[in-house]
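Each remark here refers to the structure printed beneath this line.
The values are calculated or read from the model by the stated rules, or taken from the named source; none is laboratory data. Computed from a predicted structure; not experimentally measured. In this analysis, Cβ positions are derived from the backbone assuming ideal geometry, glycine residues included, and neighbour counts consider all displayed protein chains. Remember, those area values only see protein heavy atoms, side chains included, never the ligands or the DNA or RNA. Shrake-Rupley method; radii C 1.70, N 1.55, O 1.52, S 1.80 Å.
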Amino acid sequence: MIKRQNPKHKHITSFQIIILGFLSVIILGSILLMLPVATRDGKGAVCSDALFTATSAVCVTGLVIHDTATYWSMFGQSVILFLIQIGGMGIVTVAVFSGRKIGLMQRSTMQEAVSAHHVGGIVRLTKFILKTSVCIELIGAALLLPAFIRDFGITKGLWYALFHSVSAFCNAGFDLIGIKEPFSSLTSYSSQPFFNFTVMALIIIGGIGFLTWEDINNNKLHFRKYRMQSKVILTVTGILIILPSLYFFFFEYQNLPLGERILTSLFQSVTPRTAGFNTTDLTSFSETGQMLIILLMVIGGSPGSTAGGMKTTTIAVLVSSALSVFRKKEDTHFFKRRISDDTVKSAATIFLLYIGLFISGGMIISRIENLPLLPSLFETASAIGTVGLSLGITSQLGIASQFILIILMFFGRVGGLTLIFAAMKGTGTNVTKYPQEKITVG
């Protein structure tokens, strides 16, 4: 007997699998955080708080309603660390170690999750990503260990070193230093160079992208042999670290000693790209400084990394496209390589999505919470960039505003185009061409 295929059966795309994977882990995390054992008071978190925290952890954001160290128990903190690790690595990469045969559909899904260009070799690449990630996190924990053992003892020091290494590498921004002072982040370590540079290195390594790791691993320091994308990522990352740090050095930290001034300026330039730690009080910044951080948060990290945001390559493509218009050149290009028109269109679409959502979200929160616009925009930029920095208003927000931030965090981690492609039907091929007519812009 031959079974006929149901014509109504819908094929699940790789984009939909990624979205469902993130949603499933968020729901599971929310349930676990609602258990009485998850909080120090033994009552468990209310549904809205658990959902917000689970979303923030899975989307590696770091925005929190309750201080992580003082509100959550050891079990709750372990759940948060688990969610950070899964969210940072990407849901589908865990399938590599599931023991099952990896089919074409799973390979396609992993390709989308790590932003690889080809399906070929994707399983090998994903295994390399996971093994390298574990090694980096363990090395980071070992480097942070002396500082935490000194401050918290051996047992707690081991836990703190592992937690902050994973949180930094995954660009999550969750911390346990609130035991000293709630919501203080890493401010008590602002003058310790070794600690700061270790955290910054973890943030940068996690944020440059998995394909860039592979390039560096295969070609070492031979920059000319790198893929064009890796060259763009490393160049833009360097620019986005150096230029903001110069601004912070000359305009925001004039009263600090020279050594601490350099260290703090560098740290605050690195962390908005989407780590979420801070070593100084951001409310003391000028509005110009806060606006600069907002821009850095929206840009975010690089594709196929543990970071979120609009991505460094997106802003690079838009800038290069603008320069080609200024020079009256036909094509957009990097390092003597031409960029397709489809890529430019995608970059423009992503830019409009992120800017539109973060501004409209900030305006809505400002209106319904009766808050100044800049702190509200700071909050929404932090959410959609999956950063976690805040000017201290997160815990004051109502349910409606929290839900807006949840949507923005999910959008920022999964990616705007992933959500759109998951919702769209068909191939998108359009053979119809309408008559062309000019329109004046600018």
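When Ile404 is tested against (1) part of a helix (DSSP H, G or I); (2) open to solvent by 20 Å² or more (accessible area, probe 1.4 Å); (3) touching a Pro at 6+ places or on another chain (Cβ under 9 Å), exactly one condition is not met: (3). Restricted to segment 45-70, and to residues there that are among the β-branched types (Val, Ile, Thr), open to solvent by 10 Å² or more (accessible area, probe 1.4 Å) and closer than 25 Å to Ile203 by Cα, the residue that is farthest from the chain's Cα centre (by Cα) is Thr70. The single condition from (1) modelled with pLDDT of 95 or more; (2) buried (at least 22 other Cβ atoms within 10 Å of the Cβ); (3) among the aromatic types (Phe, Trp, Tyr) that Phe197 fails is (2). Report yes if some residue within segment 71-81 is open to solvent by 50 Å² or more (accessible area, probe 1.4 Å), under 23 Å from Met297 (Cβ atoms) and out of contact with any Cys (no Cβ under 6 Å at 6 or more places or on another chain); otherwise report no. No - not one qualifying residue is present in segment 71-81. Of all residues in segment 314-344, those satisfying the criterion of being more than 22 Å from Gly415 (Cα to Cα) and assigned to a strand (DSSP E or B) are Thr332, His333, Phe334, Arg337, Arg338.
Scanning segment 362-401 for residues that are on the phi < 0 side of the Ramachandran plot and in a loop (DSSP other than H, G, I, E, B) gives Leu371, Pro372, Gly385, Val387, Leu389, Ser390, Leu391, Ile393, Leu397, Gly398.
Restrict the check to segment 305-317 and report whether at least one residue is aliphatic (A, V, I, L, M) and in contact with a Gly (Cβ under 8 Å, 6 or more places away or on another chain). Scanning segment 305-317, I find at least one residue that is aliphatic (A, V, I, L, M) and in contact with a Gly (Cβ under 8 Å, 6 or more places away or on another chain), so the answer is yes.
Pairing each residue of segment 202-219 that is touching a residue at least 60 places away in the same chain (Cβ under 8 Å) and aliphatic (A, V, I, L, M) with any residue that is surrounded by 23 or more Cβ atoms within 10 Å (Cβ to Cβ) and assigned to a loop (DSSP other than H, G, I, E, B), provided the two are 6+ apart or on different chains, yields C-beta distances under 7 Å for Ile203/Asn171; Ile203/Thr271; Ile203/Ala275; Ile208/Ser302; Ile208/Ser305; Leu211/Gly304.
Counting the residues of segment 139-186 that are more than 17 Å from Phe82 (Cβ to Cβ) and in a loop (DSSP other than H, G, I, E, B) gives 8.
Within segment 270-318, the set of residues being more than 22 Å from Leu373 (Cβ to Cβ) and acidic (Asp, Glu) is empty.
Residues in segment 356-380 that are closer than 25 Å to Ser302 by Cα, of a type in the set (A, V, I, L, M) and either at pLDDT 95 or above or over 21 Å from the mean Cα position of the chain (by Cα) (or both): Ile359, Leu377.
Step by step: first the residues of segment 280-306, then only those that are of a type in the set (S, T, N, Q) and either more than 19 Å from Thr264 (Cβ to Cβ) or buried (at least 23 other Cβ atoms within 10 Å of the Cβ) (or both), then the one that is modelled with the highest pLDDT. Which residue is that? Among residues in segment 280-306 that are of a type in the set (S, T, N, Q) and either more than 19 Å from Thr264 (Cβ to Cβ) or buried (at least 23 other Cβ atoms within 10 Å of the Cβ) (or both), the one modelled with the highest pLDDT is Ser302.
Any chance segment 150-169 includes a residue that's among the acidic types (Asp, Glu), in contact (Cβ under 8 Å) with a residue 60 or more places away in the chain and open to solvent by 10 Å² or more (accessible area, probe 1.4 Å)? The answer is no; no qualifying residue exists. For segment 30-44, filtered to residues that are open to solvent by less than 30 Å² (accessible area, probe 1.4 Å), modelled with pLDDT of 95 or more and not polar (S, T, N, Q), the residue that is farthest from Ile177 (Cα to Cα) is Leu33.
Counting only helices (runs of 4 or more DSSP H) wholly contained in segment 196-305, the ones carrying 1 or more residues that are of a type in the set (Lys, Arg) occupy 228-251, 258-270.
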